[in-house]
Amino acid sequence: MQRWTLHIAVALWLSVLFGLKLGVRPPMPASVLMIYMTLTTIGILVFVAANEERFQAFLAPLKAVFAGRAPKAAQIAVLAGIPLLAGWGAWLRTAPSLDAPFEPRVVHPEPPTSFSSHGKRIDAATLKNPLRAAQEKNPAELEKLTQQGKTIYYQNCFFCHGDALAGDGHFANAFSPIPANFRDVGTISMLQESFVYWRVATGGPGLPKGATPWLSAMPVWQNFLSEDEIWKAILYIYAGSGSTPRTWDEEGGHEKH
Amino acid sequence: MASPTDAPSAFAALKGTYKGVLKISLMLAATYLVAQSLSSWLPAADYRQFFGLSNRTTVWIVAELHLMFAAFVLGVPIFAVITELVGAVTKEKRYDDLAKEFTRLLAMAYTLTAVLGCVLLVLFVVLYPKLTGYLSGLFKPTWLVYLVLIFGEVIIAYLYWYSWDLLQGPRKKWHLLLGLLVNLWGTALLFVADIWVTFMMSPAGIDDAGKLTSLWAAINNPTWMPINIHRLLANVAFGGSIAAAYGAVRFLNAKTDEERARFDWMGYIGSFIAIAAFIPLPFAGYWLGREIYQFSQQMGVSMMGGSFAWLWILQAMLIGSLFLASNFYLWLGMGRIPGAERYVKFQIPMMILLTIGFIVWATPRSIIASGAEMSAMGGSHHPFLGLFGVMAAKNTAVNLMILTTFFSFMLYRRGNRVATVSWAAAGKIAQALAIAAAAGVVLGYGIYSYYVPSNIRIGFSVYQVSAVLAAMAVFVAIDIPLLKGAKEIGAIRWGQIPARAQYALFFLAISFTWLMGLMGYIRSGIRQYWHIYGRVADESVNAYTMTHGHATIIVSIITVIFFLLVSVVFWMASRNDPREAAK
């Protein structure tokens, strides 16, 4: 077994590469594959080098090739193979491609300290959902507001954000970035309602410069909906996707449920 | 600075301390004079520049270097004293020698810390006169406390060093007391310095006009305590890694087997301290992050989700590499332990776990994809990779990596020992169960957290951490009686470790340093265009967030300068080594 260390390492590396390339559907972007393969390489090398015997066994065939002790065929394969691989890599890097360039993207851009909505300046730090107040005192009232929010959602948001609030409405695939999936744990469930209000009221155009390129199709809802309607829609997207807004006092231990 | 072995007398100890105090007094007096004369001589301004150098970059580099040396001189005494205590309790001279070896590194580092601190002070006054004026007005009383603490620290630290050989035997307890005082003073210094930094991030205790309403509220601002704890732990980890690197340098330069053995052991202890202090660090960081979010959603989001998010990928890469490097070091170290061959078979599954953990840990939340790739994925979100991008997956991965590293260490510990107690088999099964249970809890909650909303999910990380900590405690609690009176297969062959293991120690030290620089940049950078967040805006030309490329290059430059300076410290320290001098 020990004797074959190098071969096993190479075979393992190749099988991870092909496993990730062919086994993952939809295919993963090259940037991620690159990270994964780098880590796999490091993992294999560190493992090999972490034991003296293993390391020597790993090096032995390489030493044999470079000292001219290995069979001719192996020597030729290695000595010709390395420059050929390097050349192939160079070709892959420089070959012209018709692909659109990379677009680094930020999932949640930082909110401004204050923004304007419905002709007023709103302080993002102190903004709270005024309708939430009904939550403790009058759950039935909250339910009614949420139902009204549902109507608003279906009249306005549904086309993009989808029936199941999963970001897969009829228009969804026409946009890049695609509409947010509210069921994903990484979207509204990790945001405070004030953040969500900001995003809904100011839409794609309201995104800060630092977050470009966004090209977001999310409309500026303050132009079409009243403050109340936006808050109701927000109540619904949380309730409908089975999530709750992020709040800090609850996590601090003063549990309210 | 001469070695205490020259003449172990009370007179020499006092003389050395006196010189140290004189040195720091002269330095502070010179700083005061330079700062005063420069600010009266230069034309009045809100901001100034130095020969066209950006004032931000200048202050950044000097402040970070000062902080690194300060971290080193505050971190090292913590474990120097613990090592000394171990030596006093076990009556093993080698621990006392090691503690002294650690302390030897401090002498020169203190001087560098002080010089950098003085330069920094002058830079503040000269380059940021308005802000510095405002802050020092607010915090005048703390400056006085700080000054007193500096003198106290210098006096006690020098006494600690110079009285090492004097206070031996029955007088050891006094020396230990000095060591304790060095640490109390050092910690107080750190806490005071943190006041100013944290106030700039999360100001409190001032009214709308910026006038002080409560000094205590300003001091005890939301991020003060989290930063104090975070830095305290990081200092120990950082100090340990630098001390280990010193051991590695000496090992690689060693001429005799005796020396090789000594410094191999020093490197091992240093790296052990670094890793032990490193493990709780993410939790302290989590607390800090929470306070930041709570103080300002804007600051929190720009840190984790916004423009700074990319830097966390770098951080994840470095932390993952730290785990790999420390396992690598332990495994190579097992090569010098007779009997440890028995445990080599565990390395395959452990490596697989570590690599997969690393892969999950490093999966970006926002994926970089070309247009064609994006349409293949049906958007910027990959259904499968998206699962790995979120915090829940990362917490799970990192907890499993911590558990694996802990297990590596435990195998290392029992390398050459065979338990002889009658219940050995049962004990080992219980230990295996503890680890398996913790892994089960971590994985279980990790998977479950995809099904619950975020405010519940966040609580899960606490369960995961508790499970890991509990498993570690159970394991160790069984291990101690289990290995009592164990049969030794053979003595550890200190010094017989491949040279590449020492490079893992360098890697550890460099990664810690770079990581500190990077995290410091994020902490400071998320204030964006504010000097004092939300209160005093940065009105200089530098009120912009630089590109990540630019920022990381500066962090790298700082790291390089730091290691150049550290080389000087190492060189001075090995020159002062009496054994070296005897040759």
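Of all residues in the stretch B:321-362, count the ones that are under 27 Å from the mean Cα position of the chain (by Cα), open to solvent by less than 40 Å² (accessible area, probe 1.4 Å) and either within 7 Å of another protein chain (Cβ to nearest Cβ) or modelled with pLDDT of 90 or more (or both). Adding up the residues that qualify gives 23.
Report, by residue number, each residue of the stretch B:274-287 that is open to solvent by 20 Å² or more (accessible area, probe 1.4 Å) and either more than 14 Å from chain A (Cβ to nearest Cβ) or among the polar types (S, T, N, Q) (or both). Correct list: B:Ile275, B:Ala276, B:Ile279, B:Pro280, B:Leu281, B:Pro282, B:Phe283, B:Gly285. If you filter the stretch B:379-408 down to residues that are under 18 Å from B:Phe328 (Cα atoms) and away from chain A (no Cβ under 14 Å), you find that the one that is most open to solvent (accessible area, probe 1.4 Å) is B:Phe407. Scanning the stretch B:143-182 for residues that are in contact with a Leu (Cβ under 8 Å, 6 or more places away or on another chain) and closer than 30 Å to B:Ile532 by Cα returns B:Tyr146, B:Leu147, B:Leu149, B:Ile150, B:Glu153. Considering only residues that are facing another protein chain (nearest Cβ under 7 Å) and open to solvent by 10 Å² or more (accessible area, probe 1.4 Å), look in the stretch B:369-378 and name the one that is modelled with the highest pLDDT. Among residues in the stretch B:369-378 that are facing another protein chain (nearest Cβ under 7 Å) and open to solvent by 10 Å² or more (accessible area, probe 1.4 Å), the one modelled with the highest pLDDT is B:Glu373. Screening B:Ser449, B:Ser466, B:Ser511, B:Ser422 for residues that are without any contact (Cβ under 8 Å) to a residue 24 or more places away in the chain and open to solvent by less than 60 Å² (accessible area, probe 1.4 Å) leaves exactly one candidate, B:Ser466.
Sort out which residues of the stretch A:173-190 are modelled with pLDDT of 85 or more and either farther than 19 Å from A:Arg246 by Cβ or facing another protein chain (nearest Cβ under 10 Å) (or both), and write them in order of number.
Initial filter on the stretch A:173-190 (modelled with pLDDT of 85 or more): A:179-182, A:188.
Selection gives A:Pro179, A:Ala180, A:Asn181, A:Ile188.
Is it the case that some residue within the stretch B:433-444 is crowded, with 21+ Cβ neighbours inside 10 Å and touching a residue at least 60 places away in the same chain (Cβ under 8 Å)? Looking through the stretch B:433-444, none of the residues is crowded, with 21+ Cβ neighbours inside 10 Å and touching a residue at least 60 places away in the same chain (Cβ under 8 Å).
Filtering A:Leu17, A:Leu45, A:Leu92 for residues that are under 37 Å from the mean Cα position of the chain (by Cα), part of a helix (DSSP H, G or I), under 30 Å from B:Tyr412 (Cβ atoms) and more than 7 Å from every other protein chain (Cβ to nearest Cβ) leaves a single hit, A:Leu45. Every listed requirement among (1) assigned by TED's automatic domain parsing to the domain that holds A:Gly206; (2) exposed (fewer than 14 other Cβ atoms within 10 Å of the Cβ); (3) touching a Gly at 6+ places or on another chain (Cβ under 7 Å) is met by A:Cys160 save one, (2).
Has the stretch B:251-268 got any residue that is crowded, with 23+ Cβ neighbours inside 10 Å and in contact with a Ser or Thr (Cβ under 8 Å, 6 or more places away or on another chain)? The answer is no, given that none of the residues of the stretch B:251-268 is crowded, with 23+ Cβ neighbours inside 10 Å and in contact with a Ser or Thr (Cβ under 8 Å, 6 or more places away or on another chain).
The values are calculated or read from the model by the stated rules, or taken from the named source; none is laboratory data. Since we're looking at a predicted model, the values are computed, not measured. Cβ atoms come from the backbone with ideal geometry, glycine included; neighbour counts cover every protein chain shown. Heads up: the accessible areas ignore ligands, DNA and RNA and are worked out on the full protein's heavy atoms, side chains in. Shrake-Rupley method; radii C 1.70, N 1.55, O 1.52, S 1.80 Å.
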